[in-house]
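Enquirer: Before we start, here is the structure in question, set down as structure tokens.
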Amino acid sequence: MLDIKVIREREEDVRRALASRGAQVDLDGILELDRRRRAHLTEVETLKNRRNVVSKEIGTLKRTGQDTAALQAEMRAAGDRITELDQQVRGVEDALNEALLRVPNLPHASVPVGADASGNQVVRTHGEPRRFDFEPQPHWQLGKRLKLFDFERAARMTGAGFPLYWGRGARLERALIQFMLDLHTKEHGYTEVAPPFLCNAASMTGTGQLPKLAEDMYHVPLDGLYLIPTAEVPVTNLFREEIIQDPLPIRLTAYTPCFRREAGAAGKETRGLIRVHQFDKVEMVKFVEPESSYEELERLVKDAEDVLQRLGLTYRILALCTGDMSFAAAKCYDIELWAPGQNAWLEVSSCSNFEDFQARRAQIRYRNAAGKVSYVHTLNGSGVALARLVVALLENGQQADGSVCLPEALWPYMDGVKRLE
RNA sequence: GGAGGGGUGGCUGAGUGGUUUAAGGCGCCGGUCUUGAAAACCGGAGUGUCCUUACGGGCACCGGGGGUUCGAAUCCCUCCCCCUCCGCCA
């Protein structure tokens, strides 16, 4: 959420920044609500002041046995008017808040300007796409022959897009989770947390999934809960409505499954594991002081890259442009893996700095060096998302006979199994 | 799911309708004293928001929301959470 004071005082800057990301926002309407809110407040608070003073006076008069009927009658009328004005204030505040919750974050000055994904910039590429002396197969063929997963049975028990891993496929999934958590906790300085997989509406609003993206989530109306689309939600909301007492930065990592309805994506990239309704992911989340958040963003990307480098995979880093960034991000890097069976790059991580956008929504604050309470900056990034990581491992490690060589870093996690065959 | 007990500031803990502008204690910050520290003493300190160039002032906040009243931490309704016991259960 943007600070209404910033909108009020730097209206033209805000307009320009929102336009650069192609956002349609009724700033005039928001500013008008803001004006009305303040005008109403001034009026009702003057009345309340009078009521407080007179009520105290009534108390004093009554103690000395004097008649207060006239004053009480006057205050009753004032009370009615206060009730009326309070309702107006609430109405305006609700409308203002509702509008502000739908305004996206402002892009950082370093974000490339562009209208859509074609404006994204390749920051760096690591490794070379592997050359094959045979026709590389897509992962669904490799996985079927090696009995790593069973999409047909999973579709029968649940539905399309809910993968079922089998045998060494299931083991590979678990091994990768373990490998990534170990790396982040033992070498990158993160603390592991294991959060709930469902969150309430307030948490979903805090990180920015609600109100705009409701149709992208699985909802359990009976309990008012949503299945998490990413561990970002529970882990960022860990400190919701708190003034954090622990020293910053706080770096957390969590494994969770992720659930996404992928509304509107039907028929697109739906084959195999590329786009699914449930996938596993290891996430990294940081709470930092504003001064260091961009430094922390670069470190976050490095921590995600380390996973891929140790697995010997070819990837590239994209700086997303203004028009392609997600709602809450001020700056975002995507990491894409090369998948030879698709002849395409697959997004396996999105590393974002939200600055104080989520912190303001979720009321996550800390005391700065001067002792003043202020909003933290929040960041998160996948480190990394599993299903597509498995795709890249299978397609890059495949041999002419259809077997798959696993990178050395995984051998200890696979009981020494070096090759799936 | 049933019954009972609770939710007050960073922590602890008083407060059942009007000098409560939320007592006291602990912790915290500043000062005096000291070579330094501790102790003691003195002082300070919440969050949000509105008005104001500033100085300063107002309003709101005692788990959330609503109500009664001239006036609510206090009374009423409702929801949430925590604790104890019972039931069920991996």
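Enquirer: Picking from A:Val122, A:Ala202, A:Asn380, whose Cα lies most toward the positive end of the charge dipole for chain A (charges on Cβ: Lys, Arg +1; Asp, Glu -1)?
Expert: A:Ala202
Enquirer: Could you check what % of the DSSP bridge pairs in region A:117-420 are antiparallel, to the nearest 5?
Expert: The answer is about 90 percent antiparallel.
Enquirer: Rounded to whole Hz and in sequence order, give me ³J(HN,Hα) for region A:396-409 from the Karplus expression 6.51 cos²θ - 1.76 cosθ + 1.60, θ = phi - 60°, writing x for Gly and Pro.
Expert: In residue order, the calculated couplings are 7, x, 5, 10, 4, 7, x, 7, 10, 7, 9, x, 4, 4 Hz.
Enquirer: Trypsin sites (Lys or Arg not before Pro), restricted to region A:303-412: which are DSSP loop and have at most 14 other Cβ atoms within 10 Å?
Expert: Those that pass, being in a loop and sparsely packed, are A:Lys372.
Enquirer: Between region A:2-40 and region A:58-111, how many Å separate their Cα centres?
Expert: Spelled out, the Cα-based centre of one part sits 23 Å from the other.
Enquirer: Please list, ordered by chain and number, the residues whose modelled amide H lies under 5 Å from the amide H of A:Gly114; skip anything fewer than 5 residues away on the same chain.
Expert: A:Thr322, A:Gly323
Enquirer: Relative contact order for region A:353-398: what percent, with Cα pairs under 8 Å and sequence separation of 6 or more?
Expert: Answer for region A:353-398 is 36 percent.
Enquirer: Thinking of region A:76-135 as a set of Cα atoms, what percent of all their pairs are more than 14 Å apart?
Expert: For region A:76-135, the share of Cα pairs beyond 14 Å comes to 79 percent.
Enquirer: With springs only between Cα atoms under 10 Å apart, run a GNM on chain A and tell me which of A:Ala70, A:Ala329, A:Ala359 wobbles the most.
Expert: Result: A:Ala70 has the largest fluctuation of those listed.
Enquirer: Only sites in a loop by DSSP and with at most 16 other Cβ atoms within 10 Å count here; which trypsin sites (Lys or Arg not before Pro) in region A:195-294 make the cut?
Expert: Listed in order of number, the matching sites are A:Lys212, A:Lys268, A:Arg271.
Enquirer: When the Karplus curve 6.51 cos²θ - 1.76 cosθ + 1.60 is applied with θ = phi - 60°, which whole-Hz ³J(HN,Hα) does each residue of region A:13-22 get, with x for Gly and Pro?
Expert: 4, 5, 4, 4, 5, 5, 4, 5, 9, x
Enquirer: Next question, about the same structure. I need two numbers for region A:117-420: Rg to one decimal and Dmax as a whole number, Cα atoms only, in Å.
Expert: For region A:117-420, the Cα radius of gyration and maximum Cα-Cα distance read 19.4, 65 Å.
Enquirer: Would you mind checking the tilt of helix A:293-310 against the longest principal axis of the Cα atoms of chain A, expressed as 0 to 90 degrees and rounded to 10?
Expert: Roughly 20 degrees between the two axes.
Enquirer: Normalising by the residue count of region A:317-395, find the relative contact order in percent from Cα pairs under 8 Å and 6+ residues apart.
Expert: 28
Enquirer: To continue, here is another question. Compute the angle between helix A:168-186 and the longest alpha-carbon principal axis of chain A, please, reported from 0 to 90 degrees and rounded to the nearest 10.
Expert: Here the helix axis deviates by roughly 60 degrees.
Enquirer: What are the residues whose amide H is under 5 Å from the amide H of A:Gln398, where those residues sit 5 or more places off or on another chain and H is modelled from the backbone?
Expert: Here the answer is A:Cys405, since their amide H atoms fall under 5 Å of that of A:Gln398.
Enquirer: Another question, then. What whole-number value in cubic angstrom gives the convex hull volume per residue for the C-alpha atoms of region A:179-282?
Expert: Cα convex hull per residue, to the nearest whole number: 121 Å³.
Enquirer: What residues have an amide H closer than 5 Å to that of A:Phe149, excluding those fewer than 5 places away on the same chain, when H is modeled at 1.01 Å from N in the peptide plane?
Expert: A:Trp166
Enquirer: Once all Cα-Cα distances of region A:33-95 are split into 5 Å bins that start at 0, what whole-number percent is in each one?
Expert: With 5 Å bins starting at 0, P(r) equals 4, 17, 24, 18, 13, 10, 7, 5, 2, 0.
Enquirer: May I ask you to list the chymotrypsin sites (Phe, Trp or Tyr not before Pro) in region A:103-158 that are in a DSSP loop and have at most 15 other Cβ atoms within 10 Å of their Cβ?
Expert: A:Phe132, A:Phe134
Enquirer: Here's a follow-up. For region A:1-125, take the convex hull of the Cα atoms, compute a quarter of its surface area, and give me that in nm², please.
Expert: 11.2
Enquirer: Something else about it: Cut-off 10 angstrom, C-alpha nodes, Gaussian network model of chain A. Which of A:Thr322, A:Thr64, A:Thr191 fluctuates the most?
Expert: A:Thr64
Enquirer: Which of A:His188, A:His40, A:His126 ends up with the largest GNM mean-square fluctuation for chain A, with Cα atoms connected below 10 Å?
Expert: A:His40
Enquirer: So if each residue of separation counts as 0.36 nm, and I subtract the Cα-Cα distance between A:Asn368 and A:Ser326, what length gain in nm does that give?
Expert: 12.3 nm
Enquirer: Hey, another quick one. Per residue of region A:204-213, in order, report the coupling 6.51 cos²θ - 1.76 cosθ + 1.60 (Karplus, θ = phi - 60°) as ³J(HN,Hα) in whole Hz, putting x for Gly and Pro.
Expert: 5, 6, x, 8, x, 6, 9, x, 6, 10
Enquirer: Also, quick follow-up: Can you give the accessible area per residue of region A:4-100, in Å², using a 1.4 Å probe?
Expert: The answer is 65 Å² per residue.
The values are calculated or read from the model by the stated rules, or taken from the named source; none is laboratory data. Given the structure is predicted, the values throughout are model-derived calculations rather than measurements. So basically every Cβ, Gly included, is an ideal-geometry build from the backbone, and we count neighbours across all protein chains shown. The protein model used for the area step is the full one, side chains on, heavy atoms only, and it has no ligands, DNA or RNA in it. Shrake-Rupley method; radii C 1.70, N 1.55, O 1.52, S 1.80 Å.
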